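The values are calculated or read from the model by the stated rules, or taken from the named source; none is laboratory data. Since the structure is predicted, the reported quantities are computational estimates derived from the model, not experimental observations. All Cβ positions, even for glycine, are placed from backbone atoms using ideal geometry, and neighbour counts span all protein chains on display. To get the accessible areas, we keep the full protein, side chains included, count just its heavy atoms, and leave off ligands, DNA and RNA. Shrake-Rupley method; radii C 1.70, N 1.55, O 1.52, S 1.80 Å.
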Amino acid sequence: MSWVEAKEYFAKNDTAIIPVGSNEQHGPHNPLGTDHLIAKAIAEETAKRTGVVCLPVIPFGVSSHHKQFWGTVYVSPKTFKKYVKETCLALGYFGVRKIVVVNGHGGNLVALANLSRELRGNGMFVSVFQWWSATGKLLPELFAPEERRHASSEETSMNLSLHPHLVNMSMAIDGKLRKHALQTEGITLPLDTLDETTSGVFGKTMTASAEKGAKDFEAIVGELVNHVDLLRKTPMADLVEKPKI
Ligand SMILES: [Zn+2]
């Protein structure tokens, strides 16, 4: 899009999509870019089907817990939150009031939830979409819980369907998790991935297939298209903070 085309778009539209992800280990068989590549693919397909503009993906996220694995590149929650928030505010200058953040990495969620709440106070409405939360509900039979974990069958299937040349299935293994001695119900520990697994895989992987990935992708995009259409039609007056009573 040139600036002339952007002017035309923003004159008529107050909605935009921003994909965000991370660059972190995803086992010996998946690319480091898994989370930002999948977020980008979902966001771009949704943009194509809705006519809402999609921004370039923000690739680095909150994933210091993977840092001992080579190639993981991360930023702090504070930096990530500020960067995404300022990106939203820059869009606000052109009249954008509604933004859908397509998040490819769970570790980003707390920062995204915080910035979206803050931006609501600035008269912007930011919703955050996480594809794996959607598929767990939309296609509960397609993957078992142990296949939905980090770098396991579901993520691998999405990679096999979207960019198979980046997956090396000859290196794929099922993950074996070590239970930390301090693990207790109700307790959150500041553990790194390496405390639990040396392969970086958290679950069952070998059942992955491009067919399952394609099924997942269709369900995800279908659900997100519904949300974007709904958001677009909702008047801003119904989305801004209510005044005090
Ligand atoms: Zn991932």
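A few comments on the model shown:
- Helices (runs of 4 or more DSSP H) fully within segment 131-245 that include at least 1 residues being more than 16 Å from the ligand (Cβ to nearest atom) and at pLDDT 95 or above: 131-138, 210-233.
- Filter result for G21 (of a type in the set (G, A, S), within 16 Å of the ligand (Cβ to nearest atom) and closer than 22 Å to I173 by Cα): no
- Test result for I38, away from the ligand (no atom under 15 Å from the Cβ) and under 13 Å from the mean Cα position of the chain (by Cα): no
- Scanning segment 1-30 for residues that are within 16 Å of V96 (Cα to Cα), hydroxyl-bearing (S, T, Y) and touching a helix residue (DSSP H, G or I) at 6+ places or on another chain (Cβ under 7 Å) yields a single hit, T15.
- Qualifying positions in segment 2-48 - open to solvent by 40 Å² or more (accessible area, probe 1.4 Å) and in contact with an Asp or Glu (Cβ under 9 Å, 6 or more places away or on another chain): L32
- Within segment 106-130, the set of residues being part of a helix (DSSP H, G or I), open to solvent by less than 40 Å² (accessible area, probe 1.4 Å) and touching a residue at least 24 places away in the same chain (Cβ under 8 Å) comprises G107, N108, A111, L112, L115, L119.
- All of (1) in a helix (DSSP H, G or I); (2) within 16 Å of the ligand (Cβ to nearest atom); (3) crowded, with 16+ Cβ neighbours inside 10 Å hold for L91 with one exception: (2).
- Of everything listed in (1) on the phi < 0 side of the Ramachandran plot; (2) within 16 Å of the ligand (Cβ to nearest atom), the single unmet condition for S116 is (2).
- Boolean, V84 is open to solvent by less than 40 Å² (accessible area, probe 1.4 Å) and either aliphatic (A, V, I, L, M) or over 30 Å from L177 (Cα atoms) (or both): yes
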